[in-house]
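The next block holds one structure in the form of structure tokens; read it before the comments.
The values are calculated or read from the model by the stated rules, or taken from the named source; none is laboratory data. From a predicted model like this one, the values you see are computed outputs, not experimental measurements. With ideal geometry, Cβ positions are generated from the backbone for all residues, glycine too; neighbour counts draw on all protein chains shown.
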Amino acid sequence: MTYAIKAPARYAQGAGELANLGRSAKKLGNKFLVICTDNSRGRFGAQVEASLAEQEKEVVFTTFHGEATKDEVFAKMDECRAQGCDVVVGMGGGKALDTAKAVAENLGLPCVIIPTVASNDAPCSGVAVLYNDAGVVIKAVLMRRNPDLVLVDTGIIANAPRRLFAAGLGDALSTWFEARACKNSGARTMARGNVSNTGLMMARLCYDLLMEKGRDALAAVERHEVTPALEDVVEATIYLSGLGFENGGLAAAHAVNDGFAQEPQAHGMYHGEKVAFGTLVQLVLEKAPQEELEQVLAVPAGHRPAPDPGPARGEGDRARDPEKGGGGRRGAHSVHQEPARRYHRPGGLRRHPGGRPHRPGLSGTLSPVLKSKE
């Protein structure tokens, strides 16, 4: 049995942390390609440029057009080569970050991730999700390494829409239950190993922080205020949940989300909202105690009847940036019914007999990420 753990080389979080970008990234390279929407550049571009300039680094901004497609990835790769950049930065929501990850992976360059929302646990992961032009997931690619730097400015997170933060709670909510299921069943994780006690511990801590401080953190976002509760929950939703799902494994909760991604009716919902529903489905399948179900139902992971304005079209498997871009040994905490063991079976994208894409799970590997534009 092999235990494996993956994590970003460095994680930095705090209010005003964006001002420290240059100091944190100075050893990674000299010319930085920043992939972000025009909105993100308008709001944060000057800070990024000033911080890197303090370390005598050059910056090239390139506009992310809203969809993490193969064409978008190849276009950014071409621009990175043409500009002579040696570091790739993704700034914004999930899709902009995934595009940056794919570009850096394919070119073999360092990768810096700057999330402007805490709507999902993707920033720290070594996974890049790709979509078609309609916003439907076509492949989730395992990268050779996780980002070199993940920088989270909680001052920015506190000013993002409430619904996106709540969606992040929903995504993180599943981490403990999926890791527990994988530990019980002996399933392998995206780190290409079995669930370690370390991975299980991180998943459990993530859950405990959500239960203890989730509501206070959400209230802080409503006030656009950085508080200790917000800091703790952001660490849970971005860092602990990110490492938790990658090293603890995925189960029915994310399988339900993957199914929703194929249904147009669900495209107006964020990734975390669908995963939160999937968590309830998983607990019902496991015949979890009523008390546990009630604890999960108490987490404010859904949206209000009148949610914050969002994009008209959903984004398939990942929440959209408001700017448009997007413990113990085996057998412990056992459940009555285990999730399907084959959810992590590798193989990538296959074609369903009827012509519809079929994904066996988030284990489709390709390294380099994209071998051709076809």
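Residues of segment 3-23 being over 21 Å from the mean Cα position of the chain (by Cα) and either modelled with pLDDT under 95 or surrounded by 14 or more Cβ atoms within 10 Å (Cβ to Cβ) (or both), which ones?
Result: Tyr3, Ala19, Asn20, Gly22.
Please go through segment 138-163 and give me each residue that is assigned to a loop (DSSP other than H, G, I, E, B), surrounded by fewer than 22 Cβ atoms within 10 Å (Cβ to Cβ) and in contact with a strand residue (DSSP E or B) (Cβ under 8 Å, 6 or more places away or on another chain), ordered by number.
Of everything in segment 138-163, just one residue is assigned to a loop (DSSP other than H, G, I, E, B), surrounded by fewer than 22 Cβ atoms within 10 Å (Cβ to Cβ) and in contact with a strand residue (DSSP E or B) (Cβ under 8 Å, 6 or more places away or on another chain), namely Asp148.
At least 3 residues that are under 24 Å from Tyr270 (Cα atoms) in each: list the strands (runs of 3 or more DSSP E) lying fully within segment 29-137 that qualify. Quick ask: steps written out before the conclusion?
Numbers: elements: 31-36, 58-63, 87-92, 111-115, 127-131.
In segment 29-137, the matching strands (runs of 3 or more DSSP E) lie at 87-92, 111-115, 127-131.
List pairs: first residue in segment 255-267 and surrounded by 14 or more Cβ atoms within 10 Å (Cβ to Cβ), second residue of a type in the set (Ser, Thr, Tyr) anywhere in the structure, Cβ distance under 7 angstrom, at least six positions apart or on different chains.
Matching pairs, first to second residue: Ala255/Tyr343.
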